[in-house]
Every structure is written in structure tokens, then in C-alpha cells.
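A.B. asks: Just passing along the structure, written as C-alpha cells.
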Amino acid sequence: MRRMGGHLITGLIALLAAAAPMQAAHAGQSPQEGESLAIITEPQENDVLTGTVLIYGTAAGADFRFYQLEYIPDPAPSDTPWTSIQPPVAQQVNNGVLGLWDTTALADGRYLLRLRVMRGDGSEIGDAVSVRIVNATATPTPTLRPTATITPTPGTPTPGPSPTPLIWQPPTRTPRPTVTPGGPTPTPLPPKADSPLRPDRLRQAALDGIKIALGAFGALGIYSLMRAAQRGELRSGWRRLRREVLNPLLNSIRRRRR
């Protein structure tokens, strides 16, 4: 069952990456030959998240096995475990959709979002950003940022005392352009649309469909009764019922009593 869920998540991510190409704000450097990259390009540091969020970035490179998306409260006690957002994905993603994060079940506050890329030799690399989730309060106005180019710093895993060293590769952010009078105005990104596949929306749609069907059948039944009453079929039907069913039944009961 867990393997089937992993295949479904992998297929969904591949479909999103093919249907929605990365825009300029999500652009990053592709891994060169012999190197691996683990980069979260969206959401960015200190972003405010609401509802279901698409996570963009890169998880690819040499000796790739799978990648994992996780989160933890920020700050968190040392014994607090990380929580997986989805099953591990064994498909490489280069400047595309890494996964979907439903934040509606989490308490408002700061969280640390982490991407881990596991390699065949047992080592891993990763990236993390600190974000703030706001669902219980009023919906915040989405932050519009101009297009920017993110140039990640490639890193080579360094063997350490542990057989699985962890190498963090925070992306080097390019300073945002300064708007000068008379110059071009940066194009803001459109706000992310909320997912139409949320369970509450599906449940409400099903209830609305049941109500419409019951109303239609009820109206049809009332209409049929009214037509039958106008044509006199109700009275003739009642007489036929008494003659063919009720009267023989009563006569049979009387004979048994005698």
C-alpha cells in the first residue's frame, strides 16, 4: 500500500511539472556532470503560506536515489522528529514541482521546510527554508516579488566520521533589481490558486449533488400525483385496489373466523 501511494505521488508530481513549466522566478542552475543539487526555490525564506502550497526546486544529479520533503516547527526541541510531507520520490526534478504541502491541518506559526536528496553511496545533501503558516486568521495579501535569478552553489560531499554526512547547500540569492524612474517595471507573480481537490470542497460538492437529485425526484413525484389526480386515475386506482385486493383479503379472514 505504501509503495502504491509513492507511485501515485510520483505520477502527480511528474504531471504538474509537465503541465506547468517553471517561470523565471523559479529558474536555477542545472546540475553539472558528476554533481548533485538539492535546492528549494519556492517558497522562499520568511514567506507566509496559506492553504495548499506548491513546492518548487531541484532534486537531481549523479548517483541520485530519491528525495524527501519534510517539515518541523521552528524552533523545535532537539528530540522533535521531522514530519514527511509525502512519500519518498525516486524521480529527479530539475527546476520543477517537488510536491504539494497542505498546511490547513497545522497550527499557525513558523516552520522549517527541508529537502533531502539521498544518493546511492548512502550520503545525502539538503536545503531548508524557514516559513510562516497563517490559516486561522484573515487571509494575508500575497507578497508580489519581481523575477529573480537564483544561482546555487554546487557542492561536493566531504567524507566525515559518519557514513552518511549531511551537506547543506543554501542557494546564493541574486540581489533584487532596483526600479529606476522611467525604467521597466518588474512583473509580479500571480498569487497561487488554492487547490480544487481539497476534501472539504469535494464533500460539499457531493452534498450539493445529493440535494439537487432529491429535489428533482420529489418534484417529479408531486407532478405525477397531480397529473393522476386531474385525470381521475387516483380514484379508479383506489376502487380497483379495493375490488381486487382488499375485499378478497377481508372475505378470506371472515371465512377463517367462522
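The values are calculated or read from the model by the stated rules, or taken from the named source; none is laboratory data. All values derive from a computational prediction rather than experimental measurement. For neighbour counting, all protein chains shown are included, and Cβ atoms are generated from backbone atoms with ideal geometry for every residue, glycine included. Ligands, DNA and RNA are stripped out before the accessible areas are found, and what is left, the full protein with its side chains, is counted by its heavy atoms. Shrake-Rupley method; radii C 1.70, N 1.55, O 1.52, S 1.80 Å.
A.B. asks: For region 65-87, which positions are in a loop (DSSP other than H, G, I, E, B) and either open to solvent by 70 Å² or more (accessible area, probe 1.4 Å) or of a type in the set (A, V, I, L, M, F, W, C) (or both)?
C.D. replies: The answer is PRO75, ALA76, PRO77, SER78, ASP79, PRO81, TRP82, ILE85.
A.B. asks: Looking at ASP194, ASP208, ASP200 in this structure, which one is open to solvent by less than 90 Å² (accessible area, probe 1.4 Å), modelled with pLDDT under 75, under 34 Å from the mean Cα position of the chain (by Cα) and of a type in the set (Asp, Glu)?
C.D. replies: Testing whether each residue is open to solvent by less than 90 Å² (accessible area, probe 1.4 Å), modelled with pLDDT under 75, under 34 Å from the mean Cα position of the chain (by Cα) and of a type in the set (Asp, Glu) leaves just ASP194.
A.B. asks: On to the next question. Given the options LEU113, LEU12, LEU54, name the one that is under 19 Å from the mean Cα position of the chain (by Cα), at pLDDT below 65 and not in a loop (DSSP other than H, G, I, E, B).
C.D. replies: From the options LEU113, LEU12, LEU54, the qualifying one is LEU12.
A.B. asks: Cβ-Cβ under 9 Å, sequence separation 6+ or interchain: first residue in region 94-109 and in contact (Cβ under 8 Å) with a residue 12 or more places away in the chain, partner charged (D, E, K, R) and assigned to a strand (DSSP E or B). Which pairs?
C.D. replies: Matching pairs, first to second residue: ASP108/ARG132; GLY109/ARG132.
A.B. asks: Is region 33-44 home to any residue that is at pLDDT 95 or above and open to solvent by 40 Å² or more (accessible area, probe 1.4 Å)?
C.D. replies: No, because not a single residue in region 33-44 is at pLDDT 95 or above and open to solvent by 40 Å² or more (accessible area, probe 1.4 Å).
A.B. asks: Among (1) free of Cβ contacts under 8 Å to residues at least 12 places away in the same chain; (2) closer than 30 Å to ARG201 by Cα, where does ASP79 come up short?
C.D. replies: Of the numbered conditions (1) free of Cβ contacts under 8 Å to residues at least 12 places away in the same chain; (2) closer than 30 Å to ARG201 by Cα, the odd one out for ASP79 is (2).
A.B. asks: Please verify whether ARG242 is open to solvent by 90 Å² or more (accessible area, probe 1.4 Å) and modelled with pLDDT under 80, treating the condition exactly as stated.
C.D. replies: Against the criterion (open to solvent by 90 Å² or more (accessible area, probe 1.4 Å) and modelled with pLDDT under 80), ARG242 does not qualify.
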